[in-house]
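The values are calculated or read from the model by the stated rules, or taken from the named source; none is laboratory data. Predicted, not measured: the structure shown is a model, and the values here were computed from it. Positions of Cβ are backbone-derived with ideal geometry, glycine not excepted, and every protein chain shown enters the neighbour counts. For accessibility, only protein heavy atoms count, side chains too; no ligands or nucleic acids. Shrake-Rupley method; radii C 1.70, N 1.55, O 1.52, S 1.80 Å.
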Amino acid sequence: METLIKDLRYGVRSLLKQPAFALISIATLALAIGANTAMFTVVNTVLLRPLQYPESDRVALLEGVNPPRGITQSAMSVPDFVDWQNQNQVFEKMAGFFPGGFIISNGDETERVRGALVTADFFNVLRVQALRGRLLQPDDTQPGKGDVAVIGYGLWQRRFGGDRNVVGRPATIGGKSITIVGVLSQGLDYPQQSELWFPMAIDPAKDPRDNRYLQVIARIKPDASVPQAQAQLDIINQRLANGYSETNTGWGVKVTTLQEGLVGGVRLSLLVLLGAVAFVLLIACANIANLLLARASSRQKEIAVRSALGASRVRIIRQLLTENLLLSIAGGVTGLLLSLWLTKLLVALSPANSPRFDEIRPDARVLIFTVGVTLLTGLIFGLIPAVQGSRVDQLENLKESSRGNVGGHTNRVRGLLMISEIALSFVLLVGAGLLIRSFIRLREINAGFNAENVLTLRLAGPPGKLRDGAQRNQFFRQAIDQLKATPGVRSAGMVLSLPLGGDTFNVWRGVIPEGRPAVPEEDVDAAYLSASPEYFHTLQIPLIAGRIFDDRDTDNSPKVVIINEPMARRLWPNQNPIGRHIAIWRDEKFSREIVGVVGEAKASLADEPAPQMYVPYAQDSTWGGMSFVIRTSGDPASMTSTIRNRIREIDKGIPIFNVRTMNDVLATSVAPRRAPMLLLSAFAAAALLLAMIGIYGVTAYYVTQRTQEIGIRMALGAQTRDVLTLVLRSGMGRSIIGVAVGLAGAIALTRWMKTLLFGVNPTDWLTLIAVALGVMVTTLLACYFPARRATKVDPLVALRYE
């Protein structure tokens, strides 16, 4: 222990003698370790930390799939759910739920909150407890007993002021008086950040098997597993397909853990980014190792003296490692503090709906990770310089004229470190380049409408006041007329669900063209959208053929429909669909005449063209909530307050929510791809900068070492061009090797990024060539300035240089 304390004291004194070196090293390590700690904090919370529910690894998410139709994620029907409950042997409990939005009213003040209708065992599956009151019980689903609700902690605090007597208190929700029976603990908000839970009565005899709206979770028995659950449900689904071929043919289920279902979409992005910051850390280590090797050159006499006085090589290595670990610890502590800010930055740059990002915070695992990385980093960058620095030629280095030359072996080590920096940087730059090209390709796609100067909002009728379709139609018609009369508004329309995922509410229905039998094999799934006539003009969705809805299309007139171009191509390739009829066969008992064909307003920029159909809202007024699009003369965001006031002139209790511009909707739709692109690009840029600093340092050191040789060459007639060639040849040779190694690494690693890319191959040669040229040019610049300085050497001074 006494020896260790002496080593630490000596190490501190040694570092204090070279404060510039110490500060540069600590700052480099702090940035690298801080970035790794911040990224691990995100990965730890999202991917590694269990959900807040007891034994959450046994909570399974059951999602419907239909491979023949290309459906990879679907809700399920009530009859199928009940059959699963009754026939399985692997689940303790199973529950269904239906998420949505609910309006809480208090006089003229209204608020829309997320919530869910849940079956009796929902809270039993999750094994949560009530903070106050009780949870929902099976009796609550009985007729006449369902006007109760459990509320979330946040809603309790925000809406009810944390009143301890809230249990048993009535609240007006959706125009009805609901009794609050319980409050959940903070952080329990499944599904979709819900704050309200209502009992849901289900009756398999009244629900058709093809009405798939119920989402399902289940708790796996202790002696069962996810694969066993999958196998058993596959058998049950095959039995259902045989018994109900018209509705269940092709339908199956995918069983995953609830955590995987929540975070599976971001797993690859987070792991790629964690790998990227690990590469940055390795480059930082290589840089510090090069600095330490250069520092070792100036300490050869000191080490030779210590060796001559009896210090063993092991003792010298231990002393040098102690100094290096001091640097690492200082960088680690600073990096840990820096990671707190970087973590907040990562969360801020991520899409607003990123799963579990609201839970991100450091814990003991993060601290252990940082300590481990700090110590490992000290060994990675410190061991080679310590071993190299302990190799001394006592006779040579104790000469008065010795310059402390560390020899060719050290130069080879520095060269290998330089090659590794270039190779690692190359891989990161290729990954960033692929994401950038993907993002550009994505933004080049025509969304099918004009998003400029458009404000969007979601509007629900006054709770409890609109009892039938005629009243709802009149209310929404009045709202559109009110908006169109607002100064600065050029046009306004409404639709059931916005393009580009602007609403979480989406409806798909099966369609059978006229003349074809009403069987599942002829069924074509299409997005179903109820819309006003003004919607197409407001969003400037192009009319391809036929007409748009108008005043002729009322509830009493012949039923009509507009389809999009992909649907027309699929059902009637190279034919005119105008005047033909389709049947929405499971939801309507009549056919609709196609009166128009419009362009596709994309539901997602990255998806293949999808069938869409529009019906006039006047002919389907069952929807109590609609999304409005409002085209303005100027900045749409500046008109938000005016538009709110105009709508509330109709009724002060009208709930207005999700107010944002259409450009915001567009930005949100690409955010899941933009965030990884920006972060990986930032990490790649940092890696390249560190690598270029390292290359500059190696080249400058090379020039310093060969100053006398360069002077002799110049004295013998070497020209500036010859000196430049001598220096650049060394740096560029290593650069070429580094690019070659990086190219092999990029080809091997970027194939794992395939699902993150759009319209770009993981081995896109344009990206590979562009990055290779960019790295070569950057390396050339990093080598050029030390080489240029070498040409300024005075031969007479160089010949006297010792």
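Annotations for the structure displayed:
- Unit charges at the beta carbon, dipole of region 158-227: most positive-side option, P204, S185, T172: T172
- Nearest-10 value in Å² for the accessible area of W341, using the 1.4 Å probe: 150
- Residue separation of N576 and R751 scaled by 0.36 nm, minus their Cα-Cα distance, works out to 58.7 nm of gained length.
- Computed over protein heavy atoms with a 1.4 angstrom probe, the accessible surface ordering of H537, H581, largest first, is H537, H581.
- Prolate/oblate/rounded call for region 109-253, Cα gyration tensor, a/c under 1.5 rounded: prolate
- A simple charge model with +1 on the Cβ of Lys and Arg, -1 on the Cβ of Asp and Glu and nothing else charged puts the dipole of the chain at about 3140 debye relative to its Cα centre.
- The protection proxy used here, the mean number of other Cβ atoms lying within 10 Å of each residue, ranks peptides 688-699, 485-496, 201-212 as follows, highest first: 688-699, 485-496, 201-212.
- With all projection directions averaged, the alpha carbon convex hull of region 505-607 covers 7.3 nm².
- Amide hydrogen neighbours beyond the local backbone of A545, cut-off 5 Å, H modeled: V597
- The HN-Hα couplings worked out from phi for region 126-134 by the Karplus form 6.51 cos²θ - 1.76 cosθ + 1.60 (θ = phi - 60°) are 7, 6, 9, 10, 7, 6, 9, x, 9 Hz, whole numbers, x standing for Gly and Pro.
- In a DSSP loop and with at most 16 other Cβ atoms within 10 Å, the GluC sites (Glu not before Pro) in region 13-113 are E55.
- Region 572-613 shape via C-alpha gyration tensor axes, a/c threshold 1.5: oblate
- Positive-pole candidate from G378, P655, P99, dipole of the chain, charges at beta carbon: G378
- Unit charges on C-beta of K, R, D, E only; dipole of region 46-107, Debye: 160
- Our coupling estimate for region 524-536, obtained by passing each phi through the Karplus curve with A = 6.51, B = -1.76, C = 1.60 and θ = phi - 60°, is 10, 7, 9, 5, 9, 9, 8, 8, 8, x, 6, 4, 5 Hz, Gly and Pro reported as x.
- Within the chain, helix-based [θ] at 222 nm, where runs of 4 or more DSSP H residues each add -39,500 (n - 2.57), nearest 500: -16500 deg cm²/dmol
- For F590 and E452, the difference between the fully extended length at 0.36 nm per residue and the C-alpha to C-alpha distance is 45.9 nm.
- Interchain or long-range residues, amide H under 5 Å from S74's placed H: G64
- Over 19 Å between alpha carbons, listed pairs K145/K176; K602/K754; K93/K254; K176/K465: K602/K754
- A protection proxy built from the mean count of other Cβ atoms within 10 Å ranks the segments 643-649, 275-281, 525-531, 448-454, most packed first, as 275-281, 525-531, 448-454, 643-649.
- Contour minus Cα-Cα distance for W765 and R112 (0.36 nm per residue): 230.1 nm
- Nearest-0.05 FRET efficiency for S633 and M776, computed from C-beta distance (R0 51 Å): 0.50
- Relative contact order, percent, the chain [alpha-carbon distance under 8 Å, six or more residues apart]: 16
- At an R0 of 35 angstrom, the distance between the Cβ atoms of L375 and V507 translates into a FRET efficiency of 0.05.
- Whole-number percent relative contact order across region 182-283, with pairs defined as alpha carbons under 8 Å at least 6 apart: 19
- Computed from backbone phi with θ = phi - 60° and the Karplus coefficients 6.51, -1.76 and 1.60, the 3J(HN,Hα) list for region 744-751 is 4, x, 5, 5, 6, 8, 5, 5 Hz; x is used for glycine and proline.
- Order by protection proxy (mean Cβ within 10 Å, highest first), peptides 230-238, 618-626, 512-520: 618-626, 230-238, 512-520
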